[in-house]
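Before any comments, here is the structure.
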Amino acid sequence: MTLLQIMPENAPERVRVRTDDLDVIHNELLRIGVRLARWHAARRLPADADDTTVMKAYQSHIDHLSAEGGYRIVDIVRMNPPPAGTTGQGRRTPPARDELRQEHVHDDDLVRFVVAGTGCFSLHVAGQVYAVLCTAGDLLAVPGRTPHWFDAGARPNCTAIRFLRRTDRDAIRFLSDGIASRFPTHDDLLATPGD
């Protein structure tokens, strides 16, 4: 379920909008210059699909978006929990969860297509925080330099295709106000009952 929750930047407990209606989400995000679209695979993907298989399944979408937006780098980012029955020892923790949960900006656009699982992109725009919980099939396109943070939960399960114009993937600037820690996490949003 794709979900949008909008809160004032100074009152995270006051929810202005909470909806899973895709039309409402689309319209609310368009107001701040953010695009949300739905893609469908050309063929059914197995749960354990490798990167090549995933890319082939969405190749026509990838080619179109890359040409339209001038994206030169397209890769896959995976955040997955340790196998069941393990403690995670000896396994690398999910990539930089604490770091990604800090508010930051990129010069490049933030363009992600969620292939599997869920991830929450929180956008800090015009005095409000837009928490967008994306699920498989969601393409989110956010203009560069938009303050945001990302969370895939305590046991992340998110596979996404990432689109970049620049080859400098590390061009991230962290903001120092600590706002992200005051807002609901990925897991909080999933645990909160709907209206």
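Pull out a ≥ b ≥ c, the square roots of the eigenvalues of the alpha-carbon gyration tensor of the range 109-188, then state rounded if a/c is under 1.5, prolate if not and a/b is larger than b/c, and oblate in the remaining case. Spell out each step's value before the answer.
Working: a/c = 1.63, a/b = 1.05, b/c = 1.56.
Oblate is the answer for the range 109-188, as a/c is 1.5 or above yet b/c matches or exceeds a/b.
Please give the net charge around residue 122, taking every other residue with its beta carbon less than 12 angstrom from that of residue 122, where Lys and Arg add +1 and Asp and Glu add -1. Don't skip to the end; give the middle numbers.
On the way: positive: 101, 182; negative: 9, 103, 151, 188.
Taking every Cβ under 12 Å from that of residue 122, the sum is -2.
Computed from the coordinates I sent, Rg/Rh (Cα atoms, Kirkwood Rh) equals one of (1) 1.04; (2) 1.02; (3) 0.94. Tell me the label.
(3)
Once a ≥ b ≥ c are taken as the square roots of the eigenvalues of the Cα gyration tensor of the range 1-77, is the result rounded (a/c under 1.5), prolate (a/b larger than b/c) or oblate (a/b not larger than b/c)? Don't skip to the answer; put the middle values down first.
Details: a/c = 2.52, a/b = 1.94, b/c = 1.30.
Here the range 1-77 falls in the prolate category.
In whole Å, how far is the Cα centre of the range 113-134 from that of the range 13-86?
Using only Cα atoms to place each centre, the spacing works out to 11 Å.
Modelled label-to-label distance, residue 64 and residue 47, 7 Å Cα→beta-carbon offset: nm?
Roughly 3.0 nm, to one decimal.
Got a number for carbon plus sulfur as a percent of the chain's accessible area, 1.4 Å probe? Display every interim value, and only then the final one.
Numbers: 4990 of 10200 Å².
About 49 percent, which is the carbon plus sulfur part of the accessible surface.
For a protection proxy built on the mean count of beta-carbon atoms within 10 angstrom, sort 152-160, 36-44 highest first, please. If you can, show how the numbers build up before the last one.
Values: 152-160: 19.8, 36-44: 13.1.
Highest-to-lowest ranking by the protection proxy: 152-160, 36-44.
Using only alpha carbon pairs under 8 Å that are at least six residues apart, calculate the relative contact order of the chain and give it in whole percent.
Working: 367 pairs, mean separation 55.8, N = 195.
For the chain, the relative contact order is 29 percent.
The values are calculated or read from the model by the stated rules, or taken from the named source; none is laboratory data. Keep in mind the model is a prediction, meaning the values are calculated, not measured. We place every Cβ from the backbone using ideal geometry, glycine too, and count neighbours over all the protein chains shown. Side chains included, ligands, DNA and RNA excluded: accessible areas come from the protein's heavy atoms. Shrake-Rupley method; radii C 1.70, N 1.55, O 1.52, S 1.80 Å.
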